[in-house]
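To keep things clear, I will list the structure first and then write my remarks on it.
The values are calculated or read from the model by the stated rules, or taken from the named source; none is laboratory data. These numbers come from a predicted model, not from an experiment. Here the Cβ is made from the backbone with ideal geometry for all residues, glycine too, and neighbour counts use every protein chain on show. Surface areas here come from the heavy atoms of the whole protein model, side chains and all, with no ligands, DNA or RNA. Shrake-Rupley method; radii C 1.70, N 1.55, O 1.52, S 1.80 Å.
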Amino acid sequence: MHAAVLAAAIEVLFEDGFDALSIRGVAERAGVHESSIYRHWGTKADLVLDALLSRLGQEVPTPDTGSLRGDLLAALRAVMAFLTTPLGENLVRMALRHDLPNLDAVRDDYWNHRFTLTSAILDRAEERGELRSGVNRFLAIETLIGPLYFRFLLTSEPLDDGVLEAVVDLVLTGIASEQWDSHRSN
């Protein structure tokens, strides 16, 4: 039932948008009683956020290319691709709303989860000697993805591969070890 309701919520959200989505419509699509949805999720916002977040792990995997630069670039490419999907666009729209109950807690959970997953990239880089010691991982990740959201939400400037490579190289200048830097120059 849980999976059917989440899938139905995504379908209705993409077809009708958040404001027009109803628990009744999701229940009919999923073939369950409305009361079951209210009992489990409580509100339309909680249902939609759970549905969006349940699909997120499938949409934005944590790469392991074998190098810090390769992992960071692959991560940015995945985020960029995700932002242009209906799922990504809806998640960003939901995150920007100020009228949804529990949104701050959900947003914090989401970013903490994504930070934990993305930190694995930096953990592996540290093990390979590619990461300078003492790097503030949260700030490094925030600096890495910030330009994508800035362009996506504010400036509408292109997010092509050249921009992604420039962002990764700029971040690496601040966080990469001397070993990585000397390997890059050879």
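Please work out if residue 74 is at pLDDT 80 or above and surrounded by 18 or more Cβ atoms within 10 Å (Cβ to Cβ). Yes. Selection over segment 10-22 of residues that are assigned to a helix (DSSP H, G or I) and surrounded by fewer than 17 Cβ atoms within 10 Å (Cβ to Cβ) gives a count of 4.
Within segment 118-141, the set of residues being touching a residue at least 60 places away in the same chain (Cβ under 8 Å) and either at positive phi or in a helix (DSSP H, G or I) (or both) comprises 124 only. Screening residue 130 with (1) under 15 Å from residue 70 (Cα atoms); (2) out of contact with any Phe, Trp or Tyr (no Cβ under 6 Å at 6 or more places or on another chain); (3) of a type outside the set (Lys, Arg) gives one miss only, at (2).
With respect to residue 144, is the statement that it is in a helix (DSSP H, G or I), over 19 Å from residue 77 (Cβ atoms) and among the aliphatic types (A, V, I, L, M) true?
Answer is no for this residue.
Selection within segment 139-186: residues that are open to solvent by 50 Å² or more (accessible area, probe 1.4 Å) and at pLDDT below 85. The member of this set that is farthest from residue 118 (Cα to Cα) is 186.
Table: residues versus (1) in a loop (DSSP other than H, G, I, E, B); (2) open to solvent by 10 Å² or more (accessible area, probe 1.4 Å); (3) in contact with an Asp or Glu (Cβ under 6 Å, 6 or more places away or on another chain); (4) small (Gly, Ala, Ser).
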site: 24; (1), (2), (3), (4): no, yes, yes, no
site: 27; (1), (2), (3), (4): no, no, yes, yes
site: 32; (1), (2), (3), (4): yes, yes, no, no
site: 35; (1), (2), (3), (4): no, yes, no, yes
site: 39; (1), (2), (3), (4): no, yes, no, no
site: 47; (1), (2), (3), (4): no, no, no, no
site: 52; (1), (2), (3), (4): no, no, no, no
site: 62; (1), (2), (3), (4): yes, yes, no, no
site: 70; (1), (2), (3), (4): no, yes, no, yes
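For residues in segment 147-175 being acidic (Asp, Glu) and not in a helix (DSSP H, G or I), which is farthest from residue 70 (Cα to Cα)? Filtering first and then ranking leaves 157.
Candidates are the residues of segment 91-121 that are more than 17 Å from the chain's Cα centre (by Cα) and of a type outside the set (S, T, N, Q); the one that is most open to solvent (accessible area, probe 1.4 Å) is 98.
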